[in-house]
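Visitor: Pasting a structure here, questions to come.
The values are calculated or read from the model by the stated rules, or taken from the named source; none is laboratory data. These numbers come from a predicted model, not from an experiment. Methodologically, a virtual Cβ is constructed for each residue, glycine included, from the backbone with ideal geometry; neighbour enumeration extends over all protein chains shown.
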Amino acid sequence: LVSELIEGEWELACPVLLILGNPPAMVAGKRFLEVNLNRLFDGAHSRNEYEGLAEAARAQELEEACRQFAMANPQAFYHYDLHTAIRPS
């Protein structure tokens, strides 16, 4: 789907923000490397226990990207949080 979007095979009817949450973990075939990214949102990335962790910095980047996207697109929008599986279901 991402390749098709990049290649212009789809015509989008609305703005779309597509995020790959934790690329280093994806490359390693793991859910996370140091700490579960899902536990670091809503400002949790700022806690002292997560200082210096790459996933905490990534959570902050993602929060900011989402904030900027929402500000640039104030109309009603949908949020789909899709996760990949690391094991067969």
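Visitor: Six or more apart or on different chains, Cβ under 6 Å: which pairs go from a residue in the stretch 60-74 that's more than 20 Å from residue 22 (Cβ to Cβ) to one that's not in a helix (DSSP H, G or I)? Could you list them?
Guide: Filtered contacts from the stretch 60-74: 73/15.
Visitor: Every residue in the stretch 23-42 that is modelled with pLDDT of 90 or more and either more than 18 Å from residue 79 (Cβ to Cβ) or in contact with a strand residue (DSSP E or B) (Cβ under 9 Å, 6 or more places away or on another chain) (or both), please. Reasoning before the result, please.
Guide: The initial filter retains those residues of the stretch 23-42 that are modelled with pLDDT of 90 or more, namely 23-25, 27-28, 32-42.
Hits for the stretch 23-42 are 23, 24, 25, 27, 28, 32, 33, 34, 35, 36, 39.
Visitor: Could you list, in sequence order, the residues of the stretch 9-58 that are among the basic types (Lys, Arg) and either part of a helix (DSSP H, G or I) or exposed (fewer than 10 other Cβ atoms within 10 Å of the Cβ) (or both)?
Guide: First, the residues of the stretch 9-58 that are among the basic types (Lys, Arg): 30-31, 39, 47, 58.
Of everything in the stretch 9-58, those that are among the basic types (Lys, Arg) and either part of a helix (DSSP H, G or I) or exposed (fewer than 10 other Cβ atoms within 10 Å of the Cβ) (or both) turn out to be 39, 58.
Visitor: Restricting to the stretch 17-35, what's the tally of residues that are touching a residue at least 12 places away in the same chain (Cβ under 8 Å) and under 13 Å from residue 58 (Cα atoms)?
Guide: First pass over the stretch 17-35, keeping only residues touching a residue at least 12 places away in the same chain (Cβ under 8 Å): 17-19, 21-22, 24-26, 29-35.
Still in the running and under 13 Å from residue 58 (Cα atoms): 19, 21-22, 24-25, 32-35.
Total satisfying the criteria: 9.
Visitor: Sticking with this one: Return the residue satisfying two criteria in turn: it lies in the stretch 64-89 and is surrounded by 10 or more Cβ atoms within 10 Å (Cβ to Cβ) and modelled with pLDDT under 75, and of such residues it is farthest from the chain's Cα centre (by Cα). Give the derivation first.
Guide: The first filter runs over the stretch 64-89 and keeps only residues surrounded by 10 or more Cβ atoms within 10 Å (Cβ to Cβ), leaving 64-70, 73, 77, 84, 86.
The next check asks that each one be modelled with pLDDT under 75; those that pass are 84, 86.
Values: 84: 12, 86: 17 Å.
By that ranking, first place goes to 86.
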